[in-house]
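Written below as structure tokens is the structure these notes are about.
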Amino acid sequence: LHGDYFSPKHIHDKWWGFFDVDLYSKPLAACLAEVREAGFEVLDFVEPQAIPEGKAVDPLQYARYRKLPLFMILELKKR
């Protein structure tokens with residue numbers, strides 16, 4: 001398992017051994033509530049999957065992120 005979807009969390013990670021990344025995970029409903037509270041409306045929403053070329057780079061990560069999105073991308077407009 002990858003954790004508790006309903007419990008917000010902050011993860012600090014180091015990608016490729018040198019690139020510091022801070023990741024925040026929380027339920028989608030909480031993210032959308034924050035967007036609305038900040039005065040935005042959602043124009044579009046995408047959950048990208050791993051691209052096929054990634055399979056040659058890291059087959060395990062590729063398999064994981066073909067089923068579990070790592071990011072969500074929102075196009076927003078200020079109301």
Checked pairs for the stretch 13-39, first among the β-branched types (Val, Ile, Thr), second not in a helix (DSSP H, G or I), C-beta under 6 Å and 6 or more apart or across chains, list as 21/13; 21/15
Among residues of the stretch 21-57 being open to solvent by less than 60 Å² (accessible area, probe 1.4 Å), at pLDDT below 95 and part of a loop (DSSP other than H, G, I, E, B), the residue farthest from residue 76 (Cα to Cα) is 50
Restricting the stretch 63-79 to residues that are outside any strand (DSSP E or B) and over 15 Å from the mean Cα position of the chain (by Cα), the one nearest to residue 6 (Cα to Cα) turns out to be 63
Those residues of the stretch 27-54 which are closer than 12 Å to residue 71 by Cα and of a type outside the set (A, V, I, L, M, F, W, C) amount to 47, 48, 49
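The values are calculated or read from the model by the stated rules, or taken from the named source; none is laboratory data. Keep in mind that what you see is a predicted model, and the values were worked out from it rather than measured. When we count neighbours, we look across all protein chains shown, and the Cβ atoms used for this are built from the backbone with ideal geometry, even at glycine. We work out accessible area using only protein heavy atoms, side chains counted, and drop any ligands, DNA or RNA first. Shrake-Rupley method; radii C 1.70, N 1.55, O 1.52, S 1.80 Å.
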